[in-house]
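A.B. asks: Have a look at the structure that comes next, please.
What follows draws every value from the coordinates through simple rules; no lab data is involved. Since this is a predicted model, take the numbers as computed values, not measurements. So basically every Cβ, Gly included, is an ideal-geometry build from the backbone, and we count neighbours across all protein chains shown.
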Amino acid sequence: MTSEPAQPLISLAVLASGSGSNAAAIVEYFHAHKFCRIEGIWTNTPKAGVLSRDLTVPVHVFNPDVDDETLVAHWGECGISAILCAGYLKKIPLRWIQAFPGRIWNVHPALLPKFGGPGMYGLHIHRAVLAAGETESGLTIHEVTEHYDEGPALFQCRVPVFPSEAPEALQARILRAEHWAFPRVVEAILMNRPLPHPDQCPA
């Protein structure tokens, strides 16, 4: 009796610009995973909070204005299959999109196409949601294209907006949902499994 061939290991790169809580959640989820591993985290911010986290993967600082081609070549040598934008605030270069077609994914803390585009990040999003009187918000995991937050949506999870809620409180609840959803959606896509049900997302 012959056994099925082992599935090749899938290597992932993570991009982060800030505190790195989403990056840390991804690293923790894929730690000791049988088929997926995080090759490393790359940040464009020399003082990013992600650099001070105690993580099990290396964190690299790069200059997005000069390192585009170098990173593409390095990721190619590492056998990177997909790039995860986990709180990465710079526009993704077209060269990266061409090198990883359909394999650069971002998590956005709103229900796109609402509250997306340049300037829509962090508390700016949640303040805009509250100012608009929205009764729900949430997160969108989408494919990255050359236009900010306009790539095809892969997954959305809805989170209620409570009356008189502070933007920081809304941000914290959506961030908790992001930590849960992003690695699970990535895993499902890479492993050709059904996506998690949005109702499972903590709200």
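A.B. asks: About the Cα centre of the chain, what is the dipole size in debye to 20, counting +1 per Lys and Arg Cβ and -1 per Asp and Glu Cβ, all else neutral?
C.D. replies: Charge dipole of the chain: 260 debye, to the nearest 20.
A.B. asks: Can you work out the FRET efficiency for the pair Ser11 and Ala153, with r the C-beta to C-beta distance and R0 = 25 Å, to the nearest 0.05?
C.D. replies: Efficiency at R0 = 25 Å is approximately 0.50.
A.B. asks: To check you understand DSSP bridge types, tell me what percent of the beta bridges within the chain (both residues inside) are antiparallel, rounded to 5. Working shown, then result.
C.D. replies: Working: 11 of 29 bridges.
In the chain, approximately 40 percent of DSSP beta bridges are antiparallel ones.
A.B. asks: For the chain, what is the mean residue ellipticity at 222 nm derived from helices alone (per DSSP H run of n ≥ 4: -39500 (n - 2.57); sum divided by total residues; nearest 500 deg cm²/dmol)?
C.D. replies: Numbers: 5 runs with 61 residues, N = 203.
Computed mean residue ellipticity for the chain: -9500 deg cm²/dmol.
A.B. asks: Pick out which of Pro163, Pro64, Pro152 has the largest mean-square fluctuation in a Gaussian network model of the chain, springs linking Cα atoms closer than 10 Å.
C.D. replies: Between Pro163, Pro64, Pro152, it is Pro163 that shows the largest mean-square fluctuation.
A.B. asks: Which one of Gly117, Ser137, Phe162 has its Cα pushed farthest toward the positive end of the charge dipole of region 107-203, where Lys and Arg give +1 and Asp and Glu give -1 at the Cβ?
C.D. replies: Phe162
A.B. asks: Another question about this same structure. Please state the relative contact order of region 79-142 as a whole percent: Cα pairs under 8 Å, 6+ residues apart?
C.D. replies: Relative contact order of region 79-142: 36 percent.
A.B. asks: Continuing with this model, one more query. In what sequence do Glu39, Glu178 fall when counting other Cβ within 10 Å, fewest first?
C.D. replies: Details: Glu39 17, Glu178 24.
Ordered from fewest to most neighbouring Cβ atoms within 10 Å, Glu39, Glu178 come out as Glu39, Glu178.
A.B. asks: A further question on this structure: Charges only on Cβ, +1 for Lys and Arg, -1 for Asp and Glu: so what's the dipole of region 116-189 about the Cα centre, in debye to the nearest 20? Before the final figure, lay out the partial values.
C.D. replies: On the way: 5 positive and 10 negative charges, 56 e Å.
The dipole of region 116-189 has a size of about 280 debye.
A.B. asks: Collect residues whose amide H, placed 1.01 Å from N in the peptide plane, falls under 5 Å from the amide H of Thr145; neighbours closer than 5 in sequence don't count.
C.D. replies: Here Glu150, Gly151 satisfy the definition.
A.B. asks: Could you please report the charge total around Ala48, scoring K, R as +1 and D, E as -1 over all other residues with beta-carbon less than 15 angstrom from its beta-carbon?
C.D. replies: So the environment of Ala48 carries a net charge of +2.
A.B. asks: So, one more: From the phi angles alone, apply the Karplus equation (6.51, -1.76, 1.60; θ = phi - 60°) to region 43-53 and give each ³J(HN,Hα) in whole Hz, x where the residue is Gly or Pro.
C.D. replies: Ordered by residue, 3J(HN,Hα) equals 10, 8, 10, x, 10, 4, x, 4, 5, 9, 7 Hz.
A.B. asks: Computed on alpha carbon atoms, what radius of gyration and Dmax characterise region 107-203, expressed in Å?
C.D. replies: 13.1, 41
A.B. asks: Could you pull out every residue, at least 5 positions away or on a different chain, whose amide H is within less than 5 Å of the one on Val161? Hs are placed 1.01 Å off N in the peptide plane, and Pro or chain starts have none.
C.D. replies: Glu136, Ser137
A.B. asks: Identify the residues of region 154-186 with backbone N under 16 Å of a label point that sits 7 angstrom from the Cα of His197 along the Cα-to-Cβ direction, or state none.
C.D. replies: Hits in region 154-186 for His197 at 16 Å: 156-158.
A.B. asks: Among Gly79, His108, His179, whose Cα projects farthest towards the positive end of the dipole of the chain, with charges put on the beta-carbon of Lys, Arg (+1) and Asp, Glu (-1)?
C.D. replies: His179
A.B. asks: Under 5 Å between amide H atoms, partner at least 5 residues away or on a different chain: which partners does Gly87 have, H built in plane at 1.01 Å?
C.D. replies: For Gly87, whose amide H was placed from the backbone, the distant partners under 5 Å are Val107.
A.B. asks: Quick check: the distance between the Cα centres of region 141-202 and region 43-77, to the nearest angstrom?
C.D. replies: Cα centroid of region 141-202 versus Cα centroid of region 43-77: 24 Å apart.
A.B. asks: Kindly point out, ordered by number, any Cys in the chain whose beta-carbon has no other cysteine beta-carbon under 4.7 Å away.
C.D. replies: By the Cβ distance rule, which asks for a partner under 4.7 Å, the isolated cysteines are Cys36, Cys78, Cys85.
A.B. asks: Starting at the first residue of region 159-172, write each ³J(HN,Hα) from the Karplus equation 6.51 cos²θ - 1.76 cosθ + 1.60 with θ = phi - 60°, in whole Hz, x for Gly and Pro.
C.D. replies: In residue order, the calculated couplings are 10, x, 9, 8, x, 6, 6, 6, x, 5, 5, 5, 4, 5 Hz.
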